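*Asks:* Pasting a structure here, questions to come.
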Amino acid sequence: MTFRLRLALLVVHGLALAPATAETKPTPRTALVVGNAKYEASVGPLRNPVSDAKAVAKTLRGLGFSVIEEHNLTRDELLVTVGKFRTKLAGSEVGLFYYAGHGVSVAGSNYLIPVKSGYKPEGADETTLRMLAETKLFNAEQIVAEMSAAGAGCNLVILDACRSTPVARNPRNRDLASPGGLSEMKPPAGSLIAFATDAGHTAQDGDGVNGLYTAELLKYLRAPGLTIEQVFKRTRAGVMERSDGAQIPAEYSRLIGEDIYLAGPAPATAETAAVANPALKALPVTPPALATINKLAAAGKAAECVEALKLTAASRGAGDFAVTPLDILLDLAKEDLKELSTPAPKVEGAMRICELVLEAALDCLPPEHPQQPALTAKAQNRRGDCLLILGRSEHALQAYNIAVPLAPDDSYPVFNRGRALLALGRADEAKADFTTASNESFNQPKARKLAQAALAALP
């Protein structure tokens, strides 16, 4: 991308986020982001919380937050991390806590479920149940109290923690007819508590890279010109639309003071930018032509291509224009991985392309676009290949697990998942995937041969 185009992009979309001068030094923003997914079988493992946490942390860093990001925390680890978070909050303009994972309501109080909690409520009486919750889980009121006491100007607590779990169905802590969910919470002054779904209901873990609620939240966190309250209102509308009204996010707010725009005021138009700096009048502030974007993709300039796509989406809205260049980039990543079986710079480059494609697909394609699942599956499948070559088999398995349900007619992700399982020593599960991938119902002869060869090589 040329210097002039980069500068134009900065002017049109980033005036509010530009580095502050001494006269406008920003007040710090601090966040703690936690994603718990690797739960024991009695609680139920989840697919998306770690991806959710990573995406939220990345977005918040882009909005000027200092972010503590953690995944799969035990209770003791969560307590230590919250203590570290509190020490960083003093003097912050905004303090934000985001949690993705399991949560449960016990006797009207909400608890976040750490990994390896050992929480087994079956058969417990009311007193024992509350004691188990207080000693094995993490009371959500504690994070609210810690943040309120730390002295940040505005505190946001976001709980995407209403996924269904068997331990929420214990007859002593939830109605037998209820699948789980959390209870209402009253925030202190200057705070807002947001739930992925309404009290007593459960949230969808999601079929894509992110859970339904977090996928919508990410869109509006990054949208300039929205107050904090507007961010959550639009998130709620998006979730309701995508779930056909089955999931309705809820917020409990006692915010005070002036409006805060997390992504800054509405972006400057070309005209207002030129008024602010007449030297910019001649700069190309319109998105590049689609042919130019495709050329960037074909040339392997992934970062420049994705920047141009985002500029186009910001100007015109999400649409079909992103499909072709993203497909081109994924094909280039595939070419880079050919004949490679050991770590090499090309592998890292291919993985970066896949990550950029995943980011652009979220930003530049409408949520219900028919190509969204296929592009996501392809990118995750390629990303899994990179991770497998780099020896990161567990992470590769996570990528393939996302790809498989998104592309039910594609046997390659199934075969590749089998390779990851085999690398992890899980031969029986690998055999099952190789057997599935070798089925003639898949119209992919090459994948079928690879799967058959893998089956033959098993002891």
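None of the figures in this text is laboratory data; all of them are computed from the coordinates on show. None of these values were measured; they are calculated from a predicted model. All Cβ positions, glycine included, derive from the backbone under ideal geometry; neighbour counts span all protein chains shown.
*Asks:* Test of the criteria: in the range 305-347, which GluC sites (Glu not before Pro) are in a DSSP loop and have at most 11 other Cβ atoms within 10 angstrom of their Cβ?
*Replies:* Passing both the DSSP loop test and the Cβ count: E339.
*Asks:* Continuing with the same structure: Evaluate E = 1/(1 + (r/R0)^6) for T435 and K334, where r is the Cβ-Cβ distance and R0 equals 35 Å; express this FRET efficiency to the nearest 0.05.
*Replies:* Working from the Cβ atoms, E equals 0.90.
*Asks:* Which distance in nm do the two modelled labels at R316 and D125 give, with both placed 7 Å along the Cα-to-Cβ direction?
*Replies:* With each label point 7 Å from Cα toward Cβ, the separation is 6.9 nm.
*Asks:* I've got another one for you. Could I get the Rg over Rh figure for the range 32-117? Both from C-alpha atoms, Rh via Kirkwood, rounded to two places.
*Replies:* Over the Cα atoms of the range 32-117, Rg/Rh equals 0.99.
*Asks:* For a footprinting-style exposure proxy, rank V404, V414, V34 by other Cβ within 10 Å, fewest first.
*Replies:* Ascending number of Cβ neighbours within 10 Å: V404, V414, V34.
*Asks:* Leaving out same-chain residues fewer than 8 places away, which aspartates and glutamates sit with a Cα under 19 Å from that of K54?
*Replies:* E69, E70, E77, D160, D205, D207, E216, E348, E355, E359, D363, E394
*Asks:* Counting other beta carbons within 10 Å of each residue's own, what order do D244, D433, D331 fall into, fewest first?
*Replies:* So the residues, fewest neighbours to most, are D244, D331, D433.
*Asks:* Using a 10 Å cut-off on Cβ atoms, rank the peptides 309-321, 415-427 from the highest mean neighbour count down.
*Replies:* The most tightly packed comes first, giving 415-427, 309-321.
*Asks:* Cross-link partners among aspartates and glutamates for K186, C-alpha distance below 12 Å, same-chain residues fewer than 8 apart left out?
*Replies:* Cα-Cα hits under 12 Å: E141, E251.
*Asks:* Below 8 Å between Cα atoms, with a sequence gap of 6+, how large is the relative contact order for the range 86-152 in percent?
*Replies:* Once divided by the residue count of the range 86-152, the mean separation gives 46 percent.
*Asks:* Cα to Cα, under 29 Å, and not fewer than 8 places away if on the same chain: which lysines meet these conditions relative to K295?
*Replies:* Excluding near neighbours in sequence, the set is K58, K219, K281, K310, K334, K338, K346, K378.
*Asks:* Please tell me the relative contact order of the range 290-457 in percent, rounded to the nearest whole number, where contacts are Cα pairs under 8 Å and at least six residues apart.
*Replies:* 15
*Asks:* Still on this structure: How would Y412, Y400, Y220 line up from fewest to most surrounding beta-carbon atoms within 10 angstrom?
*Replies:* Y220, Y412, Y400
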